[in-house]
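Values in this text are rule-based calculations from the coordinates and carry no lab data. Remember, predicted model here, so these are calculated numbers, not experimental data. Cβ placement follows ideal geometry from the backbone for every residue including glycine, while neighbour counts extend to all protein chains displayed.
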Amino acid sequence: MGYFLTLVVMVAVLAVVWRLLGAYMVAVYDGRTRWLAFVERPLYRLLGTDPKVEQTWRRYAVSLIAFSLVSALLTYAILRLQGHLPLNPDHLHGVPPALSFNTAVSFLTNTNWQNYPGETTMSYLSQMTALAVQNFVSASVGMAVAVALIRGLSRKGSSTIGNFWVDLTRGVLYILLPISFLMAIVFVSQGAVQTLAGPAHIHDALNGVSQTIPRGPVASQEVIKQLGTNGGGFFNANAAHPFENPDGLTNLLEILLILSIPVALTYTFGRMVGSVRQGVAVLAAMTLLFGVWLGSTSVAEHAPNPAVAAAGLAHQPGGNMVGKEARFGDTSSALFNVVSTQTSTGSVDSSMDSYNPLGGMGTMTGMMLGEVSPGGVGSGLYTMLCFALLAVFIGGLMVGRTPEYLGKKIQAREVKLAAIAILVMPVTVLVLAGLASVLPAGTSPTLNAGPHGFSEILYAFTSQANNNGSAFAGLSSNTVFYNVLGGLAMLVGRFVIIIPVLALAGALAAKEMVPAGAGTFRTDTALFAGLLVAVVLIVGGLTFFPAVSLGPVVEALSHGRFFG
Amino acid sequence: MSAQPRSSDQRAPESPAEAVDTDRSSPAQAEREPRRAAQPRGLFDPSILVPALGEAFKKLDPRVQARNPVMFVVLVGTVVTLAEAVARPSAFSWSVTVFLFLTVVFANFAEAMAEGRGKAQAATLRRMRTTTEARRLREGEEERVAATELSRGDLVVCEPGDLIPSDGEVVEGVASVDESAITGESAPVIREAGGDRSAVTGGTKVLSDRIVVRISAEPGQTFMDRMISLVEGASRQKTPNEVALTILLSALTLVFLPVVVVLEPFAHYARGSVPIVSLVALLVALIPTTIGALLSAIGIAGMDRLVQRNVLAMSGRAVEAAGDVSTLLLDKTGTITLGNRMASAFLPVGGHQEAELADAAQLASLADETPEGRSIVVLAKQRFDLRGREMAAGYSFVPFSAQTRMSGLDVAGRHIRKGAAEAVRHWVVEQGGQVPDELDSIVTRTAKAGSTPLVVADGGEVLGVVELKDVVKTGIQERFDQLRAMGIRTVMITGDNPLTAAAIASEAGVDDYLAEATPEAKMDLIRSEQEGGRLVAMTGDGTNDAPALAQADVGVAMNTGTMAAKEAGNMVDLDSNPTKLIDIVEIGKQLLITRGALTTFSIANDVAKYFAIIPALFTTTYPQLQALNVMRLHSPHSAILSAVIFNALVIVALIPLALRGVRYRPAGAAALLRRNLLIYGVGGLIAPFAGIKIIDLIITLAGFH
């Protein structure tokens, strides 16, 4: 009952957020919202950029890469040097090179894959200046790319797609910071920790034990972690930790924070291309995919855990509760993790390794679809728009015209760029998982043998190449092999998609617009939303069917029943 | 489009007799099904089928295959399985090798079939292009040279029975020419020096009179040469959409490579192994071979369908653009209306009876052989049962002349005249008669209704007005409704004044019209449509149409037109039938739909192939995966082989569809998409499940395990 109530509240709140935040973001990226101009203007002076001068896609991409490179180096340096820097109450040492590389790349790419337990690895300074800052800017970069692509679709005969520095600044200043600030206060009110006082030392006289309980500036980081679909927890237990996610309310708020921007961006998209219906069609496709995955995962987790049942250990009236918090229950935990893996968040409130095979498959395959339902902040929309171009290309031919999307002819260059943006992820995942399955460095860190071990490897690369960051656990991935290969997967999964998307934005912006008529393939209908879903499923299905068969499918079949 | 309405008097030159200029747009020719240069052939005509089989093997040359990335991968895969079959022979590996090889052969066969149809037509044309001797004029002296030695600017003489040696312009004389070699139309046409009918085509035959022709084409570059190379597909280049689709297909092929290759390491992790033959089989089954094999055949067949309708497209790009056209510029005369005016009413003036007027008009028209004249006789018969009379000796006809702008008849002291209002008015006054006041208002009213008023007078007495109506072709309104449903706007182009144009436009049901059209106005209209992002198609024949034809995205030149027009357009209609523009658009759309449908079908097929092959690959490693063997295929080997056989046979099965094109009914985009998604998407999902199962049953019965 609570589960369904949660869903109703979630949908109702998101509907309001979709409209209001969506419209606000249009104003922000159009430069009409200026209430923080007194902060904004000095920032531009500092960056040496003229906010009125727009960039070509090449300049935009170069600015983005340059910014990312500086970010990566800065993060890496802070992590390596944290032992010598202030705000280190636990007296932690510098982070080792391979792990620093992996972590810097991870936060830079909005992945937040964590090969380390936060409380015993990162100083407060690292958490606040290296990781939290990246949580803000990496999210803003994703949104900027999405907005650049929208501009490409909505402009005609234009050589520019916006100014990267302006988009980056405005995203952080007007959208991410205000919401994070307000929500952090709500989280603190619910019991999330926010302190610089270092760990608490408790002596339990009754039982005669002393405990050291790690604390830190958690609430402030928790909100942006979800709002920016980053997902990197302050603590190792991530959102299952009561200091991060104290109760049912914060659990629901976290879900809402994760979904807000990706969902609202579809409204922003619709408004900026001049037809909200276009945004609704994209949102409908996202929602359909999300619904199917949520349904199947929730059903799977509501079934008893087959291993527990086989051992005859206990009745399982509450579904599979292995690895789940009693506070949240089976289906709500499934909801949280589906939300987290269908966006590029990766923050989880229950352990995926102990999910039932089909529950685990749900979270893994959700990422394999390219994270478009609704996906990460910005990245979900721009990837979905690439899918839309492919859907239009194939479907458009079937109405007897050379295909066009929003009045833009889709020709060889657009097809090439969209295909790269969509196909680079599966290729990266499969090649790296293939390497890891044969090399001893890849196979030895798996805790389980057979199909489950394979699922762990496959999950790790799927999560990283999709910039998700959730972990299946069961894979001791803090090795040089996994740190380096994972870092590679994250970099490719981020930038080899962003650059083609920006090129696409440039190519589309330069095009003229063909007015729509009765012979035009309409992209604001249920039929198109259905076609879009089909294309996402077919691309994901065709590329991952064999790999998934050998992991979770075999596991599920081994238990004799498909569900449970 | 709101110029001052011209008074009807200014329309005088359009008098009946002058309207004989129906050489190129007579209703008879437009409606008649002409004999074709391109003979329609059965889909599997043996004269095409047999050479195509040979071609299919010749095309195995890796250099040819490299142009098609999808099929190239299949060829490489075949070589790999062949090596494996030779090294470790087994019924399975040999069978897979044979069917992979056949997949490539079938793809080549599809292309060869499409090309074969064009080649057969080219051969017919080539037979007609016999090596001609030319009579070249050099400083007034005639000399005999081979036609191939003629170069641009040479003057040649042609007399009855001579084949015109090369393309050129008549600079002297007038002759009737048999152009059936090119158009298939046996009725001779007039070619004369000066004006829009001066172009002659090499290979056509002079029937009467002597003409001097200035050669305008270099040897090997004549219209006939180009026509042959076009139907042969020799100069075929990939069209923009074909290039884009090839990129998508290559990307899919490229992606399936790692998908399949990593199965070996994945199997290794599970302490198993996958035989290379099975991996290659899976790869070939997954990559979009169906569309990859048929893509070029679809393109060639689209051009061929145009040739079947006697339209030559200079490039595949033009055919593709035809599918995208959103505005059609249609000439009124010949396309929308029958091309000549028909008498529709007798409007008497000055107290005369309608029958009296009809009688006089009929008399004046008895000797008038123009369609307008005849239509008056017909109307008189219908209305008042006035029969054709015996031509008595006293009848003296007054033929139409450009000076008088009237025609008529003098008999028994009566002087009956019919003609343009202004001319007849003058004549009546000269005869000492009176012009009734009401005449002007009737003339104006008639002109406003889109008709031509013809005034009839008997001596000094004005009898009344015969209304000549521009007759809109039957069924044209439905065509325009269909076009509107397809999202295509029709614009009527006419030299008429805006009032007349508006009346006809509303009767025919076009979306817009351009009245008093000049070449400049036409050009401006095309430009303004294109600025809005619309693609424009038009027809034209005159030299002054050439700039507009060049500017239009699809410019269809009439074969009767000037060389300049033919050079400027990107299609030539050998029948010179402007209505065909609509067919051309439909063929363009059909071509694109066929491409999209087969791509969808090809990709949808993969689902079933996965269910056939994946369980088979891992039978020993993970017997549990047999649960995915939903088709209950006999054995791992029969499952894989069945998928490969299906994959090969489906190409052959779809060749007719690729050549003929998917059925196209004019409809809105949503209806088309729903229908095609259902047939080729959902159908493509289901069909291979049945197909693979049946093949599995057959090969199992045949003893394959």
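Data for the structure
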quantity	calculated
Helical contribution to [θ] at 222 nm, DSSP H n ≥ 4, -39,500 (n - 2.57), averaged over chain A, rounded to 500	-20000 deg cm²/dmol
Listed pairs A:Lys416/B:Lys609; A:Lys408/B:Lys589; B:Lys381/B:Lys448; B:Lys418/B:Lys473 exceeding 22 Å between Cα atoms	A:Lys416/B:Lys609; B:Lys381/B:Lys448; B:Lys418/B:Lys473
Exposure proxy order (Cβ contacts within 10 Å, fewest to most) of A:Val431, B:Val456	A:Val431, B:Val456
Neighbour count of at most 13 Cβ within 10 Å plus DSSP loop: longest chymotrypsin sites (Phe, Trp or Tyr not before Pro)-free window in chain A	A:36-561
Estimated distance in nm for a label pair at B:Val174 and A:Arg32, the labels positioned 7 Å out from Cα along Cα-to-Cβ	7.0 nm
Estimated dipole of the protein assembly as shown in Debye, rounded to 20 [Cβ of Lys and Arg +1, of Asp and Glu -1, Cα centre]	2960 debye
Along chain B, longest interval not containing exposed GluC sites (Glu not before Pro), exposed being DSSP loop plus at most 13 other Cβ atoms within 10 Å	B:391-705
Cα gyration tensor shape for segment B:513-588, rounded if a/c is under 1.5, else prolate or oblate	oblate
Backbone N within segment B:203-221 under 12 Å of label point (7 Å from B:Ser151 Cα along the Cβ vector)	B:218-219
Extension gain (nm, one decimal) between B:Leu60 and B:Glu133, 0.36 nm per residue minus Cα-Cα	22.1 nm
Angle between chain B longest axis and helix B:683-701 axis [Cα atoms, degrees, rounded to 10]	50 degrees
Among A:Gly228, B:Leu330, B:Phe480 the positive-end extreme of the charge dipole of the protein assembly as shown (Cβ point charges)	A:Gly228
Taking N as its residue count, the alpha carbon Rg of chain B over 2.2 N^0.38 Å	1.25
Ellipticity estimate at 222 nm from DSSP helix runs (n ≥ 4, -39,500 (n - 2.57)) divided over chain B, nearest 500	-15500 deg cm²/dmol
Summed side-chain charge close to A:Ala200 - residues other than A:Ala200 whose Cβ falls under 13 Å, Lys, Arg +1, Asp, Glu -1	-2
Tensor-based shape of the protein assembly as shown (alpha-carbon gyration tensor, a/c under 1.5 rounded, otherwise prolate or oblate)	prolate
Segment B:Glu192-B:Gln551, extension gain: residue separation times 0.36 nm, minus the distance between their alpha carbons	126.4 nm
Förster-model FRET efficiency, 41 Å R0, A:Ala66 and B:Leu254, C-beta, rounded to 0.05	0.85
Label-to-label distance, nm, for residues given as B:Ala627 and A:His201 (7 Å Cα→Cβ offset)	5.5 nm
Modelled FRET efficiency - R0 51 Å, B:Ala355 with B:Gln403, Cβ distances, 0.05 increments	0.95
Calculated FRET efficiency for the pair A:Arg19/B:Glu520, C-beta based, R₀ 45 Å, to 0.05	0.30
Sequence of B:Ile698, A:Ile224 once ranked by neighbouring C-beta atoms within 10 Å, starting from the fewest	B:Ile698, A:Ile224
Charge dipole magnitude, Cβ of K and R +1, D and E -1 - segment A:267-399, Cα centre, debye nearest 20	380 debye
Excluding exposed DSSP-loop trypsin sites (Lys or Arg not before Pro) (at most 14 other C-beta within 10 Å), longest clean stretch of chain B	B:390-631
Contour minus Cα-Cα distance for A:Val292 and A:Glu512 (0.36 nm per residue)	75.4 nm
Normalised contact order of chain B, rounded percent, pairs of Cα under 8 Å and 6 or more residues apart	16 percent
DSSP beta bridges in chain B [antiparallel fraction, %, rounded to 5]	75 percent
Overall form of segment B:286-400 per C-alpha gyration tensor (a/c, 1.5; a/b vs b/c)	prolate
Environment charge of A:Ser477, counting only residues whose C-beta is closer than 15 Å and scoring Lys/Arg +1, Asp/Glu -1	-2
Whole-number D in µm²/s for chain A (Stokes-Einstein; Kirkwood sum over Cα pairs; 37 °C, 0.692 mPa s)	138 µm²/s
Relative contact order computed over segment B:487-549 (Cα-Cα under 8 Å; 6+ residues apart), in percent	28 percent
Taking B:Thr132, A:Thr331, B:Thr620 and counting other C-beta atoms within 10 Å, the order from fewest to most	B:Thr620, B:Thr132, A:Thr331
Inter-label distance, nm, simple model (7 Å from Cα along the C-beta direction), B:Glu159/A:Ala310	10.4 nm
At least 30 Å along the helix axis (C-alpha) and Kyte average at least -1.0, DSSP helices within chain A	A:2-29, A:57-81, A:132-154, A:248-272, A:276-302, A:412-438, A:480-510, A:526-548
